[in-house]
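Reviewing the structure listed below.
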Amino acid sequence: MSEIIEPSSSFDALPHEQLSTSDPGDETQKRFRYQHTYTALVAIQMYNGQLPYKELFCEHHEDILAINEDGTYHGIQIKTRQLVDGAFEINDAAILGSLIRFIKLSNMYQNKFSKFVIVSNCPFRKDESGKSLVNLLNQVKTGKTEGFNPRDLQKYVENLVDKTGAPMNEVLGVLAITEVQEGPGMDDIDAKVINDHLGKLTICHSVAIERIRMIHRLLVEKIYGASSKRTNNAVKDYCALIGGSTIVNAEEINTKRITKHAVGLLIETNIKGGIFLSTPSAVDGITSSESGQLMRYKMSCGLVDIEDIDVMDDLRAAAEDYFIRNSYRVENKAQFLNQYNQIRSIVTNQSVEARSRCRKTDTPYGTEMLQNIEDRLESISMNRKEDVFHTPYEILKGLVGILTNECKIAFSKEPIGGWKNRDQIIN
């Protein structure tokens with residue numbers, strides 16, 4: 001006889017009406033969200049000059065690698081826990097793991113790091129016991145090298161030496177530049193960033209709160225995107241890139257960068273309004289490209305900001321559409337093509353000269369080169385209108401994207417095998 005299942009009472013709770021007690025996935029995502037939002041906070045402070053950073057490098061749900069204006073690095077780790085679990089203590093696995101990671105990074109990249117920071121939504125124990133990381137850091141910062149009080153702290157430092165294999169002086173050197181910071185709470189971090197930081201930027205004065213919330217959301221989403229790709233030995237690859245070495249995963253590394261300029265561009269664009277998009281067609285004499293992927297790759301290799309690359313790609317499509325549409329309207333197409341070639345020649349020459357002025361052997365120069373090109377083209381559009389047949393500045397800039405896509409312009413050293421063999425290089 002089959003079992004009879006009684007129907008649920010109309011007063012019984014349904015699955016979607018109750019919180020799960022066994023699936024911690026939402027709590028995990030909440031912690032990741034905290035990390036991304038805190039990184040957005042750091043990005044805003046970088047943009048407004050509160051922090052001396054020129055760019056951030058987002059790793060996969062781990063550290064923020066902050067690059068200072070002086071070229072040194074700050075390593076920041078974000079730790080979260082429930083407030084009911086109490087303050088962080090020195091023997092907590094999260095704290096020990098962070099210190100070990102800092103020491104190993106410092107040992108691997110000698111004299112590159114000028115500060116390490118552990119940030120948490122929870123407080124850190126701050127008494128004078130052997131359970132307080134703050135107590136240990138304070139003693140090291142006063143110049144103490146042995147005989148830490150209480151004795152448990154001396155054993156802790158010796159344990160760090162054993163676990164990292166680093167000499168005592170290096171371990172103490174890392175502790176001397178390590179700080180702890182208590183960040184906003186898990187539940188109010190969004191409100192803190194919007195009201196106390198983003199909303200107080202000068203550019204955001206008189207901006208509706210709905211738009212500020214939108215900018216906040218877009219910035220957090222950008223941080224998430226930059227954090228969602230894992231790059232093996234990312235710090236090593238980044239050091240190689242800024243040292244002038246050509247590496248095949250430059251594109252992926254570039255997607256993990258959040259620059260000061262990029263944050264400003266995101267905020268200013270969404271306050272003032274964005275640029276238009278166009279869909280290019282094709283016509284005899286002036287052809288449209290199938291995509292801007294080669295242009296994007298070449299600009300990424302020069303470490304041009306992703307937002308600037310996106311803008312250039314839009315302008316590239318707009319420029320193709322502009323010249324194609326105008327070619328339909330003129331009666332003398334041969335004359336129009338001559339004018340088009342003259343404009344191309346001027347833009348090419350200005351771009352080549354910009355590269356010559358900005359080229360460096362020991363550091364990426366793509367962003368500086370692009371800004372130099374922008375200044376030159378803006379001057380031409382104002383002072384040499386007849387030479388470019390009154391072509392708007394945005395179209396001249398879009399032509400730079402076309403020429404880059406055609407391998408007439410480059411923003412970095414050419415890789416082995418050439419630009420068009422990119423897939424072969426990567427594979």
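Numbers below:
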item	result
Net charge of Cβ neighbours under 12 Å - reference ASP310; Lys, Arg +1; Asp, Glu -1	-2
Segment ASN107-TYR393, extension gain: residue separation times 0.36 nm, minus the distance between their alpha carbons	98.0 nm
Of LYS115/LYS397; LYS144/LYS256; LYS272/LYS298; LYS144/LYS222; LYS126/LYS260; LYS79/LYS298, those spanning more than 32 Å from alpha-carbon to alpha-carbon	LYS115/LYS397; LYS144/LYS256; LYS144/LYS222; LYS126/LYS260; LYS79/LYS298
Approximate spin-label separation ASN91-ASN341, in nm, with each point projected 7 Å along Cα-to-Cβ	8.1 nm
Gained length - ASP187 relative to LYS141, 0.36 nm times residue gap less alpha-carbon distance	13.2 nm
The range 368-414 - Debye-derived log10 I(q)/I(0), Cα point model, q = 0.14, 0.15, 0.31 Å⁻¹	-0.35, -0.40, -1.14
Residue order for VAL134, VAL157, VAL330 - accessible surface, 1.4 angstrom probe, largest first	VAL330, VAL134, VAL157
All lysines inside 17 Å of LYS112 as judged from Cα atoms, apart from same-chain residues fewer than 8 positions distant	LYS54, LYS104, LYS236
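The values are calculated or read from the model by the stated rules, or taken from the named source; none is laboratory data. Keep in mind the model is a prediction, meaning the values are calculated, not measured. With ideal geometry, Cβ positions are generated from the backbone for all residues, glycine too; neighbour counts draw on all protein chains shown. These area figures cover heavy atoms from the full protein model, side chains too; ligands, DNA and RNA do not enter into them. Shrake-Rupley method; radii C 1.70, N 1.55, O 1.52, S 1.80 Å.
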